[in-house]
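Heads up: the structure comes next, in structure tokens.
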Amino acid sequence: MAKPNKRGPSRTVEILCSQCKTQLFKYRKGGKGTLVKCFKERIVEDYTQVPCICPHCQQCFARETLVRGVPAFKIIGTKALMK
């Protein structure tokens, strides 16, 4: 499968914890679909101290994985939302 576009999309969205509404990332998202995965190379600002753990409520919101050979965070269900 093809790798994601290196240049990436220009639209920036905020990724929030669904439980406590703490901001987790600023992310360059492509397309208009729901948030399923976050490629690490597209994260503009990372507000987490430990990867995949919310800094406020300590909820695990994603898993580290490889998607098409590129490191990414795979979002768990509805534990993170996009604004």
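Please treat every number below as a calculation from the coordinates, not as lab data. Bear in mind that the values here come from a model prediction, so they are computed numbers and not experimental data. Positions of Cβ are backbone-derived with ideal geometry, glycine not excepted, and every protein chain shown enters the neighbour counts.
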Do any cysteines of the chain lack a neighbour Cys whose Cβ is under 4.7 Å away, and which are they? C38, C52, C60
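With Cβ to Cβ distances under 14 Å as the rule, what net charge do the other residues near L66 carry (K, R +1; D, E -1)?
Working: positive: K3, K37, K40, R63, R68, K74; negative: E41, E64.
Charge balance in the 14 Å sphere: +4.
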Hey, in the GNM for the chain with a 10 angstrom Cα cutoff, which one of Q19, Q59, Q49 fluctuates hardest? Q49
With Rg from the Cα atoms and Rh as the Kirkwood inverse mean 1/r over Cα pairs, the stretch 12-82 has an Rg/Rh of 0.92
